[in-house]
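Inspection log for the structure reproduced underneath, given as structure tokens.
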Amino acid sequence: MRLNIIILLVSLSFTACKNSPEQKTNSAEMYEASELSETMRTMVDFSKQAKTSLAEGKHIDSIPAEIWEMAKATGTRDEHLESDFQTLAGPYFEALRGIERGDSQSYYYRKSIDACKACHSRYCGGPMSIINKLD
Ligand code: HEC
């Protein structure tokens, strides 16, 4: 029984990035989400709101400050220290800068979601279903 629990905990910590937040809410107390995971959740919330605003013809006024720190946030597997991760973060920030400039927010919003997909096809593919809904 005890061994099962240990195995469960170990496998949870290794598959954390494969689960969607919905699936994880039950087990959220069992491990601490990394700084990077927290930032990713903020990015999901921001993107959802941005998508709704654009659909309603509204302007996206602000980007949560935390998101600009994404590339410095500590990942569960220290992804933030990998050069692939830093390279893939570039296009995401470029898209955000486009949104911030406010020229064509719909265009740059799409670019931002493309950047999520590009990084997630290299790093943990689990959240892809969440990302696809942001298209
Ligand atoms: C530069 C790479 C990169 C980009 C860009 C990126 N992600 Fe992530 N994402 C990751 C990594 C790595 C993790 C795993 C973090 C961890 O487990 O510490 C992650 C985790 C997640 C998670 C799971 C969070 C959780 O609850 O544990 C979601 C959801 C997510 N990303 C959505 C997105 C969305 C939406 C975007 C675009 C707006 C995006 N990601 C852009 C690399 C990226």
For segment 33-47, Karplus-derived ³J(HN,Hα) couplings (6.51, -1.76, 1.60; θ = phi - 60°; whole Hz; x for glycine and proline) come out as 5, 5, 4, 5, 4, 4, 5, 4, 5, 4, 5, 5, 4, 4, 5
Using Stokes-Einstein with the Kirkwood hydrodynamic radius over Cα pairs, what translational diffusion coefficient do you get for segment 33-133 at 37 °C and a viscosity of 0.692 mPa s, in µm²/s rounded to a whole number?
238
Once Lys and Arg are counted +1 and Asp and Glu -1 for all other residues with Cβ under 15 Å from that of K58, the total becomes 0
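Given R₀ = 22 Å, what would the calculated FRET efficiency be for A33 paired with M128, taking r from the Cβ atoms and rounding to 0.05?
0.75
Where a number appears in this text, it was derived from the coordinates with a stated rule and is not lab data. Quick caveat: nothing in here was measured; it's all calculated off a predicted structure. Cβ coordinates were reconstructed from backbone atoms using ideal geometry, including for glycine residues, and neighbour counts include every protein chain displayed.
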